[in-house]
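Down below is the structure, laid out as structure tokens.
The values are calculated or read from the model by the stated rules, or taken from the named source; none is laboratory data. None of the values given here were measured: they were computed from a predicted structure. FYI the Cβ positions are ideal-geometry reconstructions off the backbone, even for glycines, and counts take in every protein chain you see. Surface accessibility is based on the protein's heavy atoms, side chains included, excluding ligands, DNA and RNA. Shrake-Rupley method; radii C 1.70, N 1.55, O 1.52, S 1.80 Å.
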Amino acid sequence: MARTAYDVIIRPIITEQSMEDLDIKKYVFEVAKDANKVEIKQAIEEIFGVTVINVTTAIVPGKKKRQGAMPAGYQKTWKKAVVKLSADSKDIELFQDMV
């Protein structure tokens with residue numbers, strides 16, 4: 001079964017640091033752990049109708065968490081992608097209301 005663009009892109013990451021880079025057209029997303037840069041680029045271009053010029057990825061390890069006296073557990077490990085759009089590309093509307 002083929003993956004859709006919505007299987008590759010899980011959610012946008014809304015943090016202070018990611019909002020700082022909106023003026024230079026950099027956007028941050030959580031993506032599927034097994035997605036590669038080509039799949040991420042194609043998915044972003046298909047969903048938002050923009051032109052992607054660069055994709056960087058990073059694996060974010062899960063943090064150690066505990067509740068009370070219970071033994072410690074871990075949050076999930078996930079993959080993040082920072083997507084740079086071309087200068088003549090339109091902005092992604094999803095992020096515009098956040099600024």
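Coupling constants for the range 39-45 follow from the phi torsions by the Karplus curve (6.51 cos²θ - 1.76 cosθ + 1.60, θ = phi - 60°), and in residue order they are 4, 5, 4, 5, 5, 5, 5 Hz; glycine and proline get x. Rolling a 1.4 Å probe over the heavy atoms of the protein chains gives the chain an accessible area of 68 Å² per residue.
Other residues whose C-beta falls under 13 angstrom from the C-beta of GLU39 contribute a net charge of +1, scoring Lys and Arg +1 and Asp and Glu -1.
The string of couplings for the range 81-86 from the Karplus curve (6.51, -1.76, 1.60, θ = phi - 60°) is 10, 9, 10, 9, 8, 5 Hz, one whole number per residue in order, with x for Gly and Pro. In terms of distances greater than 31 angstrom between alpha carbons, the cross-link table entries LYS33/LYS64; LYS65/LYS90; LYS37/LYS76; LYS63/LYS90; LYS25/LYS64 yield LYS65/LYS90; LYS63/LYS90; LYS25/LYS64. Gain on full extension, evaluated as 0.36 nm per residue between THR15 and GLU93 minus their Cα-Cα distance, stands at 26.5 nm. Rounded to the nearest whole Hz, the Karplus-based 3J(HN,Hα) values (6.51 cos²θ - 1.76 cosθ + 1.60, θ = phi - 60°) of the range 56-72 follow the sequence 10, 10, 8, 8, 9, x, x, 7, 6, 10, 8, 10, x, 8, 5, x, 5, with x at glycine and proline. By accessible area, using a 1.4 Å probe on protein heavy atoms only, the range 1-90 has 52% of its surface on carbon and sulfur.
For VAL50, the solvent-accessible surface with a 1.4 Å probe is about 10 Å², rounded to the nearest 10. Over all other residues within a Cβ to Cβ distance under 14 Å of THR57, the charged ones net out to +4, with Lys and Arg as +1 and Asp and Glu as -1.
Near the amide H of ILE53, within less than 5 Å, lie the amide hydrogens of LYS84, LEU85, SER86, all on another chain or at least 5 residues away, with H placed in the peptide plane. Summarised as an ellipsoid, the chain has semi-axes of 28, 17, 11 Å, derived from the eigenvalues of the Cα gyration tensor scaled by 5 and square-rooted, with the largest first.
So which trypsin sites (Lys or Arg not before Pro) in the range 3-99 end up in coil per DSSP with only 10 or fewer other C-beta atoms within 10 Å? Taking the range 3-99 and a limit of 10 other Cβ atoms within 10 Å, the loop trypsin sites (Lys or Arg not before Pro) found are LYS63, ARG66, LYS76.
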